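Read the structure below first, then the notes.
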Amino acid sequence: MDDAAAKELILETLKSKTNKSKFYLKDFYAFLPDMKKMAVSKLVNGMVAEGTLEYWSSGSTTMIGLKGAGKQHATEEGE
């Protein structure tokens with residue numbers, strides 16, 4: 001699978017998960033089981049750099065999700 005197809009798969013998977021907006025990096029490994037972990041990590045980091053995905057941190061853990069999605073963005077827009 002090339003990078004463009006992998007990115008599209010990640011975006012489709014994240015958009016289909018309506019009950020959850022943030023994921024651990026290990027979850028992305030499950031989305032792309034045929035790719036090596038380092039390749040998935042580089043792909044996800046590249047998508048963050050492009051602005052497609054974003055990091056979210058609680059202070060003790062870091063999660064990744066679609067940029068602009070999730071409860072924290074809903075409350076910011078509502079204020």
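Each reported figure results from applying straightforward, stated rules to the coordinates on display, with no laboratory input. This structure is a prediction, so every number in the text was calculated from the model and none was measured. Virtual Cβ from ideal backbone geometry, glycine too; neighbours counted across all protein chains shown.
Our summary gives the chain a relative contact order of 31 percent, counting only alpha carbon pairs under 8 angstrom and 6 or more residues apart. Ranking of LEU11, LEU43 by neighbouring Cβ atoms within 10 Å, starting from the fewest: LEU11, LEU43. Ordered by the count of other Cβ atoms within 10 Å of each Cβ, fewest first, LYS42, LYS22 give LYS42, LYS22.
Panel order for LYS67, LYS15, by other beta carbons found within 10 Å of each beta carbon, from fewest to most: LYS15, LYS67.
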